[in-house]
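Novice: Below you'll find the structure I mean.
The values are calculated or read from the model by the stated rules, or taken from the named source; none is laboratory data. Treat the numbers as computed from the prediction; the structure is a model and nothing was measured. For neighbour counting, all protein chains shown are included, and Cβ atoms are generated from backbone atoms with ideal geometry for every residue, glycine included.
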């Protein structure tokens with residue numbers, strides 16, 4: 001394991017916490033996309049049982065999102081969260097943290113730093129209340145220990161890694177790239193990570209926006225091609241999902257972490273036009289083999305603008321059973337199975 005200088009305090013806590021991890025040993029690298037209604041909460045579990053949660057969903061009166069995260073953790077055989085990564089300080093990504101910490105132990109926390117705009121300060125305060133001296137900031141270019149899974153930090157605090165990973169190289173799509181101005185400073189600070197387990201790769205860039213995606217992909221695509229990609233901005237691809245980036249990383253499977261009325265089919269703050277092009281752009285990605293959605297978009301429920309119902313975890317405004325997850329289970333040889341927690345439907349893929 002490579003020791004990360006800026007995260008030395010966190011690493012010491014993590015090593016102690018990993019010993020206490022109660023997750024059952026598994027030969028697969030498992031990823032759970034928890035339904036937090038258009039927020040973000042992605043739980044990953046290494047083949048040796050370490051756990052890492054990326055973001056915590058919304059703050060709700062009934063602690064809905066915290067409870068759904070704990071339900072997914074229980075499904076995965078966990079009794080604690082070894083590592084928590086907060087990508088950025090927006091309510092849909094960090095809002096559920098206080099309630100979550102009351103329901104399940106969190107051993108260590110990682111972030112982009114604690115700098116943000118005044119409008120987001122309340123969420124920084126919540127984060128510090130929970131994580132305090134067990135937090136550390138990560139930098140783009142770091143590699144974090146996570147059992148046999150490599151975690152490359154791609155982005156953090158408005159910076160990107162200097163050296164391409166995962167076979168990244170020159171991107172010919174840059175010659176015709178559409179440029180947009182930077183929006184939402186806090187989104188630009190998102191922690192983004194590439195998870196690699198043998199031939200399997202998973203990319204989660206938080207809420208990096210269109211302009212930052214172009215910076216990541218031009219003139220060189222710094223992350224290469226990936227097996228699974230979680231959409232930035234919850235699939236609201238007016239200010240994310242730049243074709244120059246999306247078509248360079250060539251995901252085989254795209255997971256849209258949307259809500260019934262947020263993300264896919266909707267708009268980002270500062271944008272006004274609802275567009276069906278968001279889904280169509282994903283579907284046109286070269287080499288795409290499967291699109292999975294947390295929710296059917298009720299902003300644009302046309303079946304042509306949503307994936308097949310069997311690959312949608314939640315079909316209505318919300319689900320009486322408490323929300324359904326999507327899970328990926330990946331083997332080191334690159335084969336992976338996607339499963340819909342609502343209906344048990346699964347599909348097997350093989351990483352190129």
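Novice: With respect to the numbered conditions (1) more than 16 Å from the chain's Cα centre (by Cα); (2) within 30 Å of residue 159 (Cα to Cα), which one is the sole condition not fulfilled by residue 91?
Specialist: Every condition holds for residue 91 apart from (1).
Novice: Pairs needed: first member in the range 218-230, free of Cβ contacts under 8 Å to residues at least 40 places away in the same chain; second member anywhere, part of a loop (DSSP other than H, G, I, E, B) and crowded, with 20+ Cβ neighbours inside 10 Å; C-beta distance under 7 Å; at least 6 residues apart or different chains.
Specialist: Every condition considered, the pairs that remain are 229/251.
Novice: Quick one: in the range 154-185, which of the residues that are within 27 Å of residue 118 (Cβ to Cβ) and at pLDDT 95 or above is surrounded by the fewest Cβ atoms within 10 Å (Cβ to Cβ)?
Specialist: Only one residue fits best here, namely 159.
Novice: Please find, among 79, 74, 21, 56, the residue that is out of contact with any helix residue (DSSP H, G or I) (no Cβ under 7 Å at 6 or more places or on another chain), at pLDDT 95 or above and assigned to a loop (DSSP other than H, G, I, E, B).
Specialist: On inspection, the qualifying residue turns out to be 79.
Novice: Of the conditions (1) surrounded by 17 or more Cβ atoms within 10 Å (Cβ to Cβ); (2) in a loop (DSSP other than H, G, I, E, B); (3) at pLDDT below 95, residue 320 satisfies every one except a single condition; which number is it?
Specialist: So the condition that residue 320 fails would be (1).
Novice: Tell me which strands (runs of 3 or more DSSP E) are completely within the range 112-217 and hold 2 or more residues being out of contact with any helix residue (DSSP H, G or I) (no Cβ under 8 Å at 6 or more places or on another chain), or say none if there are none.
Specialist: 150-156, 192-197, 200-204
Novice: Sort out which residues of the range 82-99 are within 18 Å of residue 50 (Cα to Cα) and not in a loop (DSSP other than H, G, I, E, B), and write them in order of number.
Specialist: Listed by number, the residues that qualify are 82, 83, 84, 85.
Novice: Going through the range 42-69 one residue at a time, which ones are within 17 Å of residue 105 (Cβ to Cβ) and crowded, with 20+ Cβ neighbours inside 10 Å?
Specialist: Within the range 42-69, 43, 45, 50, 51, 52, 53, 56, 66, 69 qualify.
Novice: Could you tell me which of the residues 276, 231 is at pLDDT 95 or above and in contact with a helix residue (DSSP H, G or I) (Cβ under 8 Å, 6 or more places away or on another chain)?
Specialist: Only one candidate qualifies: 231.
Novice: Next up: Where the second residue is crowded, with 18+ Cβ neighbours inside 10 Å and at pLDDT below 95 and the first is farther than 20 Å from residue 164 by Cβ and lies in the range 133-150, which pairs have Cβ atoms under 6 Å and are six or more apart or on separate chains?
Specialist: If the second residue must be crowded, with 18+ Cβ neighbours inside 10 Å and at pLDDT below 95, the pairs left are 134/13; 136/7; 136/10.
Novice: Take the residues of the range 285-302 that are out of contact with any helix residue (DSSP H, G or I) (no Cβ under 8 Å at 6 or more places or on another chain) and either at pLDDT 95 or above or loosely packed, with under 14 Cβ neighbours inside 10 Å (or both): which is farthest from residue 35 (Cα to Cα)?
Specialist: Taking the candidates together, the pick is 287.
Each row is one residue, and each column tells you yes or no for (1) touching a strand residue (DSSP E or B) at 6+ places or on another chain (Cβ under 8 Å); (2) farther than 13 Å from residue 164 by Cβ; (3) modelled with pLDDT under 95.
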| site | (1), (2), (3) |
| --- | --- |
| 196 | yes, yes, no |
| 200 | yes, yes, no |
| 206 | yes, yes, no |
| 214 | no, yes, no |
| 217 | no, no, no |
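Novice: Still on this structure, please answer the following. Are any of the residues in the range 325-342 more than 17 Å from the chain's Cα centre (by Cα), in contact (Cβ under 8 Å) with a residue 60 or more places away in the chain, at positive phi and surrounded by 15 or more Cβ atoms within 10 Å (Cβ to Cβ)?
Specialist: Within the range 325-342, one or more residues are more than 17 Å from the chain's Cα centre (by Cα), in contact (Cβ under 8 Å) with a residue 60 or more places away in the chain, at positive phi and surrounded by 15 or more Cβ atoms within 10 Å (Cβ to Cβ).
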